[in-house]
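> Can you keep this structure in mind? I'll have questions shortly.
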Amino acid sequence: MANGMNILTSALAATGVAGLAVGGFAYAALWPGSQIFGSTIRGGSDPSEIALTFDDGPNDACTGALLEVLAKHDVRATFFMVGQYARQSPALARRVHEAGHLVGNHTVTHPLLARASPRRVREELAGCNAILEDTLGESVRYFRPPFGGRRPDVLRTARELGLVPVTWNVTGHDWAQKSAEEVYGIVKAGIARNRRRGRGSNVLLHDGGHLTMGADRSRTLRAVEMLLAQDAAGRRFVTVDRWDSV
């Protein structure tokens with residue numbers, strides 16, 4: 001998400017928009033907690049609930065192993081898939097779905113929608129829907145914008161296509177080449193912070209990488225193993241549809 005914030009801020013500054021205007025637009029467009037441009041699912045009101053969400057797959061190098069870890073602990077997760085990778089590895093995408101996990105739309109090619117044309121936005125969302133629905137054999141309801149980037153028309157287009165936007169309230173920063181121990185520590189602290197605030201935790205992690213198939217997410221995998229190995233008392237893993245309309 002930080003990478004997306006830098007991209008958008010630089011683009012706005014280059015066009016002469018500066019100061020508070022840049023900061024205000026970037027916050028509304030990219031900060032996961034912002035509801036200025038429209039509502040998104042961030043989490044529920046039960047602090048014992050945790051949704052593990054994974055972006056940028058399916059990924060031949062990680063997703064299968066991740067499914068095995070989740071199955072070992074009887075945990076269902078949410079996978080926001082990039083359409084071009086689901087088209088490359090349809091059997092893996094189906095395996096995620098058949099294991100009982102929730103699959104969501106993460107666009108066809110992972111662009112920053114906050115600065116994409118309205119036509120491109122619709123093509124990315126509708127195209128990903130078509131790929132996933134053809135692959136999985138059922139409709140897709142949930143959508144996470146790449147980098148969290150959104151504008152009012154992005155959210156309006158999503159809803160016209162029957163999609164519910166989802167952001168997050170914990171991120172492991174696993175895209176930043178952190179160690180498994182660092183990712184685990186960041187996620188654990190974020191969940192604890194949400195519990196103190198009386199909120200469920202919507203955890204953003206990655207089973208793939210948006211630049212190419214085959215991204216190394218071994219550190220994320222180990223961090224998830226560490227998280228699930230904790231004492232399960234007082235926590236319950238859910239998928240993001242649990243918080244729809246909450």
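> I'd like the full set of residues that are surrounded by fewer than 17 Cβ atoms within 10 Å (Cβ to Cβ) and in contact with a helix residue (DSSP H, G or I) (Cβ under 6 Å, 6 or more places away or on another chain), limited to the range 117-132.
118 - this is the single residue of the range 117-132 that is surrounded by fewer than 17 Cβ atoms within 10 Å (Cβ to Cβ) and in contact with a helix residue (DSSP H, G or I) (Cβ under 6 Å, 6 or more places away or on another chain).
> Among what's in the range 197-246 and is assigned to a loop (DSSP other than H, G, I, E, B), over 18 Å from residue 60 (Cβ atoms) and hydrophobic (A, V, I, L, M, F, W, C), pick the residue that is modelled with the highest pLDDT.
229
> Which of the residues that make up the range 171-207 are of a type in the set (Lys, Arg) and closer than 16 Å to residue 147 by Cβ?
none
> If you go through the range 153-191 one residue at a time, how many are small (Gly, Ala, Ser) and part of a helix (DSSP H, G or I)?
Count: 6.
> Tell me the residue from 114, 176 that is surrounded by 22 or more Cβ atoms within 10 Å (Cβ to Cβ), at pLDDT below 95 and out of contact with any strand residue (DSSP E or B) (no Cβ under 8 Å at 6 or more places or on another chain), please.
From the options 114, 176, the qualifying one is 114.
> Determine which member of the set 108, 75 is in a loop (DSSP other than H, G, I, E, B) and touching a Cys at 6+ places or on another chain (Cβ under 7 Å).
108
> In this structure, does residue 150 turn out to be modelled with pLDDT under 95, surrounded by 17 or more Cβ atoms within 10 Å (Cβ to Cβ) and out of contact with any His (no Cβ under 7 Å at 6 or more places or on another chain)?
It is true that residue 150 is modelled with pLDDT under 95, surrounded by 17 or more Cβ atoms within 10 Å (Cβ to Cβ) and out of contact with any His (no Cβ under 7 Å at 6 or more places or on another chain).
> Evaluate the following for residue 150: is it without any contact (Cβ under 8 Å) to a residue 24 or more places away in the chain, over 26 Å from residue 65 (Cα atoms) and either in contact with a strand residue (DSSP E or B) (Cβ under 9 Å, 6 or more places away or on another chain) or in a helix (DSSP H, G or I) (or both)?
No, not satisfied.
> Spot the failing condition for residue 114; the list is (1) more than 15 Å from the chain's Cα centre (by Cα); (2) assigned to a loop (DSSP other than H, G, I, E, B), and only one is missed.
Among (1) more than 15 Å from the chain's Cα centre (by Cα); (2) assigned to a loop (DSSP other than H, G, I, E, B), residue 114 violates only (2).
Matching residues to (1) more than 19 Å from the chain's Cα centre (by Cα); (2) touching a residue at least 12 places away in the same chain (Cβ under 8 Å):
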| residue | (1), (2) |
| --- | --- |
| 59 | no, yes |
| 67 | no, yes |
| 90 | yes, yes |
| 98 | yes, no |
| 101 | no, yes |
| 107 | no, yes |
| 127 | no, yes |
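> Take the residues in the range 75-111 that are touching a Pro at 6+ places or on another chain (Cβ under 8 Å) and of a type in the set (Ser, Thr, Tyr), then tell me which one is surrounded by the fewest Cβ atoms within 10 Å (Cβ to Cβ).
Only one residue fits best here, namely 89.
> Could we say that residue 11 is surrounded by fewer than 21 Cβ atoms within 10 Å (Cβ to Cβ), at pLDDT below 70 and more than 19 Å from the chain's Cα centre (by Cα) here?
Spelling it out, residue 11 is indeed surrounded by fewer than 21 Cβ atoms within 10 Å (Cβ to Cβ), at pLDDT below 70 and more than 19 Å from the chain's Cα centre (by Cα).
> On to the next question. Of everything in the range 27-40, what is at pLDDT 60 or above, surrounded by fewer than 22 Cβ atoms within 10 Å (Cβ to Cβ) and among the hydrophobic types (A, V, I, L, M, F, W, C)? Give them in sequence order.
Passing the criteria: 28, 36, 37.
> Pick from the range 209-241 the residues that are among the β-branched types (Val, Ile, Thr) and under 16 Å from residue 79 (Cα atoms): which of them is surrounded by the fewest Cβ atoms within 10 Å (Cβ to Cβ)?
In this case the residue turns out to be 239.
> Applying the selection to the range 58-87, what residues are hydroxyl-bearing (Ser, Thr, Tyr) and closer than 20 Å to residue 211 by Cα?
Answer for the range 58-87, where residues must be hydroxyl-bearing (Ser, Thr, Tyr) and closer than 20 Å to residue 211 by Cα: 63, 85.
The values are calculated or read from the model by the stated rules, or taken from the named source; none is laboratory data. Bear in mind that the values here come from a model prediction, so they are computed numbers and not experimental data. Cβ atoms come from the backbone with ideal geometry, glycine included; neighbour counts cover every protein chain shown.
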